[in-house]
Amino acid sequence: MLFTSISFLYYFLPIVLIAYFIVPKKAKNFVLFIASMAFYFYGEPKYIFLMLAEIFIAYIGAILIAKYKKKSILTVTLAIHIGLLVFFKYTDFLIANINNIFNAKLNLLQLALPIGISFYTFQIISYEIDVFRGNVKVQRNFLNLATYVALFPQLIAGPIVRYETIEDELSNRKHSFENFAYGARRFVIGLAKKVLIANMLGEFCNKFSATDEKSVVLYWLFAISYMLQIYFDFSAYSDMAIGLGRIFGFHFLENFNYPYISKSITEFWRRWHISLGSWFRDYVYIPLGGNRCSKSRWFLNIFIVWFLTGLWHGASFNFILWGLYFGIILIFEKLFLLQFLKKLPNFIKHFYTMFLVIIGFVLFEIDSLNGVYNYLISMF
């Protein structure tokens, strides 16, 4: 169920709001949980049991982690969640590549991707790791944890909400006309971004893909339009999620901070999909050693993080290429480019950043390596 659909705006959301605000405080999480289950069931009925199973594993696993403080328990629970994500999202990708490399004829499983699995898996992982680290207290109320994992405002497109962000608000949050008004305004802004800007840019991109008469100018217009579309699309859903969260009393962190005003790729990735970047920093990059190690190990850490960042976006080589592309640029910036860029006028730094971002999103959009090559040749 999309936030922009008639079924969500005119039926689901009004019913949920009425039910949520008429029940007593103790029942509000129950209303949100049931609403989230209905929201998920509408899109993926058969995978609702997968989500419930993951929530139950996270609930039991975190209690055991908090009690025994053993890394082995954490490893087992993380392996289960990551294994399920890999199975549903990457199995066919792995089989297809085995067939190509070894000329095999293994059948694809053709599994439907469970809605939101990339987001709720990362939320569960961060919760379990934070419990192990002692950053948060284990949640012994199953309904509260289930509400956190399944919360429908951020289920389909983020942001990735960490447990520590809303830990207190799960059991003790305030509702006010000010919060409701802010949330409604933020939701409407996101809705406008999606319907009036992102969808219109998407129409142009679709028409470009359908035409056989493409000029160099048209290739560039598509690349720029797609870059704008993907920002207004992603940030629109973040705006709507933050707005809905505030209506229900939750304060989700910002996910985009005007990324297209950036003057370096380093700055761009501090402003773009902030919840994802900070998640990989805190749960992958720093545990690997970050930059407090030899230069060769540091490069390897960046390579691993950006390989995984690309792969997280989808089971395709173009996403991996996209991740490594930005990882390599960031290495060069950290080594010498940032010092050089500081000496340049702002408009040149901005042009440099937007040029590289445009090329990056060409890699993101074109789903075959041969297609990427042909597209870049056509642009230049």
Looking at the stretch 97-122, I want the residues that are without any contact (Cβ under 8 Å) to a residue 40 or more places away in the chain and have a partner that is open to solvent by 80 Å² or more (accessible area, probe 1.4 Å) and in a loop (DSSP other than H, G, I, E, B) with Cβ atoms under 6 Å, at least 6 apart or on another chain. Which pairs are those?
Asn99/Leu106
Given Asn255, Asn301, which one is within 24 Å of Arg133 (Cβ to Cβ), more than 14 Å from the chain's Cα centre (by Cα) and among the polar types (S, T, N, Q)?
Asn301
Under the condition of being open to solvent by less than 70 Å² (accessible area, probe 1.4 Å) and out of contact with any helix residue (DSSP H, G or I) (no Cβ under 8 Å at 6 or more places or on another chain), which residue from the stretch 73-89 is nearest to Leu308 (Cα to Cα)?
Val86
Out of the residues in the stretch 332-348 meeting the condition of being touching a residue at least 12 places away in the same chain (Cβ under 8 Å) and open to solvent by 30 Å² or more (accessible area, probe 1.4 Å), tell me which one is nearest to Arg292 (Cα to Cα).
Lys334
When the stretch 35-62 is checked residue by residue, the ones that are exposed (fewer than 15 other Cβ atoms within 10 Å of the Cβ) and over 23 Å from the mean Cα position of the chain (by Cα) are Ile60
Go through (1) open to solvent by 20 Å² or more (accessible area, probe 1.4 Å); (2) without any contact (Cβ under 8 Å) to a residue 60 or more places away in the chain; (3) of a type outside the set (Lys, Arg) one by one and return the number of the condition Thr309 breaks.
(1)
Among all residue pairs at least 6 apart or on different chains, which show Cβ distances below 6 Å where the first residue, located in the stretch 1-20, is outside any helix (DSSP H, G or I) and the second is surrounded by 12 or more Cβ atoms within 10 Å (Cβ to Cβ)?
Met1/Phe8; Met1/Phe39; Met1/Tyr42; Met1/Gly43; Phe3/Met240; Thr4/Lys194; Thr4/Val195
When you scan the stretch 55-77, do you find a residue that is part of a helix (DSSP H, G or I) and closer than 18 Å to Trp312 by Cβ, even just one?
no
Would you say Trp272 is open to solvent by less than 60 Å² (accessible area, probe 1.4 Å), of a type outside the set (S, T, N, Q) and closer than 27 Å to Ile242 by Cα?
yes
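The values are calculated or read from the model by the stated rules, or taken from the named source; none is laboratory data. Since we're looking at a predicted model, the values are computed, not measured. Glycine gets a Cβ as well: all are built from the backbone with ideal geometry, and neighbour counts include every protein chain shown. Note: accessible area is taken over every heavy atom of the protein model, side chains too, but ligands, DNA and RNA are not part of it. Shrake-Rupley method; radii C 1.70, N 1.55, O 1.52, S 1.80 Å.
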